[in-house]
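Participant: Once you've had a glance at the structure underneath, I'll fire off some questions.
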Amino acid sequence: MCCSSKSFKLYSPKEPPNGSAFPPFHPGAMLDRDVGPTPMYPPSYMEPGIGRHTPFGNQTDYRIFELNKRLQNWTEDCDNLWWDAFTTEFFEDDAMLTITFCLEDGPKRYTIGRTLIPRYFRSIFEGGATELFYVLKHPKESFHNNFVSLDCDQCTMVTQNGKPMFTQVCVEGRLYLEFMFDDMMRIKTWHFSIRQHREVVPRSILAMHAQDPQMLDQLSKNITRCGLYNSTLNYLRLCVILEPMQELMSRHKTYSLSPRDCLKTCLFQKWQRMVAPPAEPPRQAPNKRRKRKMSGGSTMSSGGGNNNNNNNNSNSKKKSPASSFALSSQVPDLVGTKTCTVPELEDRS
C-alpha cells in the first residue's frame, strides 16, 4: 500500500478539538529507523473521543492548538514579517525560550530572548521541515498570581520532511510554559527539555527501494541530531554570541549611535552598576530621651569636694553603685563635707 503525504497528516492538528475529520490511524503504515514500528502518540485534544472536552479560549492547551494551527499556515513564501507577527501573537515582549538536550559531547542548554525567537522557529523549516506541531499528553495547568503555568512531561514535537526523503521526526521531552494571565494569554517562558527522538519513514518507500542497497543505506541515516536540524543547531550556537549583543543592537536602533559609542555606553552603565554602593535601608531616627532634673542635694554633692574626692566618688560608683546611692539618700548631713568616708567604704567592699 502506498503511503501518501496525507497519511502523515493524521497527526496534524488542523481540526478543532473533538473534531470528526480525522481518519482512523494505522500504526503499521510507518517504520521507525531505530526501534521498529512507530508507537502511537495519542494527543490530549486532537483525536475524536480522546481527552478532555472542547476547551474554551482562555485555556492554555487551546493556545497550543492555536499555535499549531498558525504553524500549519506556513508556506515557503513566509518572510521575516510573518515570523515576527507569529511571535508577537504568542510570545510576550520579554519572553525567554530555553532548549536543553544532550549531544555526543555532553549536555547543552540554550536560552534566547524575544528578538531571536522568530528566527528559531524559522530555522526548523529551513532545515527541511514542511510541517511543525506539538502534541501534549496529560498536561498539568496551575494558576499563579499573574501567570498560568502549563507543565507537560509527555510532549512530542513533530516535524515532517519532504527532502531528501519523506520522513517524520518525533522529538519527545518535557515542555514547561508560563502564560500571562490576561486576555492575550501570551507565553512568557518556554522551556523544552529533549529526552529522545525518533525518525520514521513510510514502509512503502522502503519497499520501493528494497533492491537498492545504496538508497537503503541513505534511508537508514538520521537527518537530525537529537531531533534538531543542523540549521537549528547552528543558529543556537550563534545565539550564544547574538543574545548578549541585543542590548547593543537595541541602543543602536533607538539612539542611532555608532557601534563603538553603543559599546562604550553599555560598558559605562555596567561599570556604574558594579561600583555603585548598595542602597542602605532608611534608618529610624533615635528616640529623644528625657533628661532627669537633679535634686538640690545631689547638685551640691556633685559640686562640693575637691578633685580627689570626685575621683574617689567615681571609683566607688564603679565598684558599688548601690552603696553610694544609699549614702546620698540616707545621710544628707554628711554631703558637702571634706571628711567623706568613701575610702572606708572601699576597704569594706
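Participant: Going down the table (K140/K163; K108/K137; K188/K253; K69/K253), which pairs top 29 Å between alpha carbons?
Facilitator: Numbers: K140/K163 36 Å; K108/K137 25 Å; K188/K253 24 Å; K69/K253 33 Å.
The answer is K140/K163; K69/K253.
Participant: Treat the count of other C-beta atoms within 10 Å as a stand-in for reagent exposure and order L177, L71 from fewest to most. The partial results should precede the final answer.
Facilitator: Details: L177 23, L71 20.
Ordered by Cβ neighbours within 10 Å, fewest first: L71, L177.
Participant: Just order 110-120, 205-215 by mean Cβ neighbour count inside 10 Å, highest at the front, would you? Don't jump to the answer; show the numbers that get you there.
Facilitator: Values: 110-120: 18.5, 205-215: 12.0.
Taking the mean over residues of other Cβ atoms within 10 Å, the ranking is 110-120, 205-215.
Participant: Output the antiparallel fraction of DSSP beta bridges having both residues in segment 59-226, as a percent to the nearest 5. Show your work: numbers first, answer last.
Facilitator: On the way: 45 of 51 bridges.
Counting DSSP beta bridges with both partners in segment 59-226, the antiparallel share is about 90 percent.
Participant: With the radius of gyration and the Kirkwood radius both derived from the Cα set of segment 59-226, what is their ratio Rg to Rh?
Facilitator: Details: Rg = 17.5 Å, Rh = 17.3 Å.
Expressed as Rg/Rh, it is 1.01.
Participant: What ranking do 262-272, 223-233 get when scored by the average of other Cβ atoms within 10 Å per residue, highest first? Intermediate results must be reported in sequence, preceding the final value.
Facilitator: On the way: 262-272: 12.9, 223-233: 19.5.
Taking the mean over residues of other Cβ atoms within 10 Å, the ranking is 223-233, 262-272.
Participant: Also, quick follow-up: May I ask you to list the residues of segment 167-197 whose amide nitrogen lies under 20 Å from a point 7 Å from Cα along the Cα→beta-carbon direction of T111?
Facilitator: Under 20 Å, as judged by backbone N against the label point of T111, lie 174-180, 187-195 of segment 167-197.
Participant: Tell me, in nm to one decimal, what length is gained between R273 and V240 on full extension, where the rule is 0.36 nm per residue of separation less the Cα-Cα distance? The partial results should precede the final answer.
Facilitator: Working: separation 33, 0.36 × 33 = 11.88 nm, distance 2.34 nm.
Computed gain between R273 and V240 is 9.5 nm.
Participant: What is the local net charge at N161, summed over the other residues whose Cβ is closer than 10 Å to its Cβ (Lys, Arg +1; Asp, Glu -1)?
Facilitator: -1
Participant: Taking the alpha-carbon centroid of each part, what is the distance from segment 166-189 to segment 119-140 in angstrom?
Facilitator: When both Cα centres are located, 10 Å separates them.
A short reminder: the numbers here are calculations on the coordinates, not readings from a lab. What you see is a predicted model; the values in this text were computed from it and never measured. In this analysis, Cβ positions are derived from the backbone assuming ideal geometry, glycine residues included, and neighbour counts consider all displayed protein chains.
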